[in-house]
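What follows is a single structure, written as structure tokens, with notes after it.
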Amino acid sequence: MTIVIPRKNERRQPIYREIADAIDKEVQAGRARPGTRLPTQRALARQLGVTLTTVTRAYEEAQRRGLVAGEVGRGTFIQAQRGHEHTGPQDESALINLSTNSLMPLAHAAELADHLATAVPRSTSLGVLDYQPAAGTPRSRTAGATWIAKTGLEVSADRVLVTGGGQHGILITLLTLTKPGDEILVEEFTYSNLRKLAGQLQRRLRPVRMDEQGLLPDALDVACRAGGKYLYTIPTLQNPTTSVMSDARRRDIAAVARKHGVLVIEDDVYAYLLPDLAPLTKYLPEDQAVYITSLSKSIAPGIRIGYVAAPSKLIEPLTAWISKTLITAPAAMAEMANALITDGTAVRIVDWKRKEVAARQDIVNRVLSGHRFQTHAYSPHVWFHLPDSWETQALVSQARQRGVRVTGAENFSADPETPARAIRLCLGPPRSRAVLEDALKRLARIFVGVSEPHEVII
């Protein structure tokens, strides 16, 4: 284990945090295993050319993050990260979680904590603690427009609404546009919580065939001619299949939607991982698309702030539903989001996440080589296809017995009568790359001795 910190002119934060980050990187890379003893504080201070006080603060910061533990008279040691231990299939907390699609901003945890502590200055605290406009303050709506613009979609702040996360954005959109009994076109496999919302709201989902680039234009055309008026889609790193619509495919899908006057609901929460792809909404008339994104995936799940860019005619009814369902997005959290976007912190976190996802994808391709799965170099999840001899629930159960929690295809199928033999693997939840690799190796061992054609779709 080697602790290396940036040169003086490259540092973006206090030195003690740079040291804590360096320890964190060693843990993530698997070079610092549980039980590894760190250098004494005095020895590390000499090695790095910093004061003893700085190293003391760095070790305290690393301990606060759960990276290390100090033992009186023995020294400071790397701790086993949460999710690494496996104490038996009945202990849910001991399972390595590959079922939740999130990646904590590990390298920026302290920075986010500082933003949380300073999000609301005392001088403005009374205003933030009071009721806010249901659509969001002008400052928050402008921040939302700025964030959306990073995808290549330019919208004015008066067309942006601030929501309590992306899921809340989906909810108010469905409530505004549709009524019980209405049909919504979706990919064959779609966001699991959309399925739950549709069922609760008594909306019907009609699956539209797809390939590795997502929705098929011809299949969408058929569904539209059969009466489809609304389309919910995830064009970028589709959840759960990881499909990515090429620019040409987006234009073709937009052409079909324009032809039939279909209103498109674009869920673009993973756009931050592929920033060079223009949103599908960009190729549609303003009055024919609702664009939804959030900071919960791109920054952290606990930041329950989302943004909805909608046609001008829908702003008032959407705002009414925000008021009815939430009153207003949490004001203090919205202020924190504003600061993250305007001071550049959000961009730095996104850059780190893209690199971390790519590194975890390298592990996937190495460990699961020889198995059939669909993914993308920047996808936070993998769509793993089962051999013909396996049923999805059997594999989910086997994975759990081996200490890994995964999600079966039936949770995403728009037509529950025809579920596929597949599971979704989320790469973000393990605290380190070493824990992820351990989980994937446990899954791979399930198939030892199984003979099946192999294919990887990238």
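Worth a mention:
- Residue order for 396, 162 - accessible surface, 1.4 angstrom probe, largest first: 396, 162
- Positive dipole terminus of the chain, leading residue within 265, 216, 322 (C-beta point charges): 322
- Once the Cα-Cα distance is subtracted from the 0.36 nm per residue extended length, the residue 362 to residue 276 segment shows a gain of 28.8 nm.
- Considering only beta bridges that DSSP places wholly inside segment 239-371, some 50 percent are antiparallel.
- Across segment 242-281, no residue has a backbone nitrogen under 14 Å from the label position 7 Å along the beta-carbon direction of residue 312.
- Remark: spin-label model distance residue 397-residue 10 equals 5.2 nm, labels positioned 7 Å along the Cα→Cβ axis.
- Here each label is just a point 7 Å from Cα along the line to Cβ, and for residue 229 and residue 441 those points are 5.6 nm apart.
- Remark: spin-label model distance residue 327-residue 63 equals 4.0 nm, labels positioned 7 Å along the Cα→Cβ axis.
- FRET efficiency for residue 139 and residue 43, using Cβ-Cβ distance with R0 set to 56 Å, rounded to 0.05: 0.70
- Too-long pairs where the Cα-Cα distance tops 31 Å, listed order kept, from 196/353; 353/441; 196/313; 196/297: none
- Apportionment of accessible area to carbon and sulfur, the chain, percent (1.4 Å): 51 percent
- For residue 324, the aspartates and glutamates whose Cα comes closer than 15 Å to its Cα, not counting residues fewer than 8 places off in the same chain, are 316.
- Compactness relative to 2.2 N^0.38 Å, alpha carbon Rg of the chain: 1.04
- Taking the chain and dividing mean pair separation by its residue count, relative contact order in percent (alpha carbons under 8 Å, at least six apart): 20 percent
- Rounded FRET efficiency, nearest 0.05, which uses the C-beta distance separating residue 196 from residue 246 and R0 of 45 Å: 0.90
- Of 25/282; 179/282; 259/355, those spanning more than 32 Å from alpha-carbon to alpha-carbon: 25/282; 259/355
The values are calculated or read from the model by the stated rules, or taken from the named source; none is laboratory data. All of these numbers come straight from a predicted model, not from anything done at the bench. Note that each Cβ is placed from the backbone with ideal geometry, even for glycine, and that neighbours are counted across all protein chains shown. Please note that ligands, DNA and RNA were not included when accessible areas were found on the heavy atoms of the full protein model with its side chains. Shrake-Rupley method; radii C 1.70, N 1.55, O 1.52, S 1.80 Å.
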